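Single-structure report; data block below.
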Amino acid sequence: MTQVPWQAKELTVGELSERSGVPASALRFYERQELINSRRTSGNQRRYTRDTLRRVAFIRVSQRLGIPLAAIRCALAMLPENRTPTREDWARVSEGWRQDLTERIDQMTKLRDHLTDCIGCGCLTIDRCILTNPGDQLQAEGPGPRKLIGS
């Protein structure tokens, strides 16, 4: 593993990749999606500021939580590009997601708790469906897993 000196203000795509654990191809994709940015050297090589490491970590964690790239882009747009974000910057960004994450947690809890039971899909093929959704009554509420969404 290449050691990047702490004093280094910029990282190459390879150094950022190695340090963040994210493939260079993904970093280039993030750049095309305007999630991160770089400057180009006279030889057209990418150079990233050190704070890009935090942005990449934020992107990866957010993706793992199922946050769409568009929402990640909006959140990152609230952060300063010319300096490392402060604790207050991150608090402002995270507050916008608090409700969404709470709803996701509730949905995942419902899914976990009902995964072996009826999820209200209206399939009527499992022996319990006749008990929990007699006559496919949930179809009146719309398509899909009605007990997990829209309830």
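The values are calculated or read from the model by the stated rules, or taken from the named source; none is laboratory data. What you see is a predicted model; the values in this text were computed from it and never measured. The accessibility values were calculated without ligands, DNA or RNA, using every heavy atom of the protein model including side chains. Shrake-Rupley method; radii C 1.70, N 1.55, O 1.52, S 1.80 Å.
Some notes on this structure:
- Average accessible area per residue (Å²) across the stretch 16-76 - probe 1.4 Å, nucleic acids and ligands excluded: 55 Å²
- Each residue was assigned an accessible area with a 1.4 Å probe, and for SER17 the value is about 20 Å².
- Solvent exposure ordering (accessible area, 1.4 Å, most first) of GLU95, GLU88, GLU18: GLU88, GLU95, GLU18
- Stretchable slack from ASN44 to GLN107, in nm (0.36 nm times residue separation minus alpha-carbon distance): 18.1 nm
- For the stretch 7-75, the fraction of 1.4 Å probe accessible surface lying on carbon and sulfur atoms is 49 percent.
- Extension reserve of the GLU95-ARG64 stretch, reckoned as 0.36 nm per residue once the Cα distance is removed: 9.3 nm
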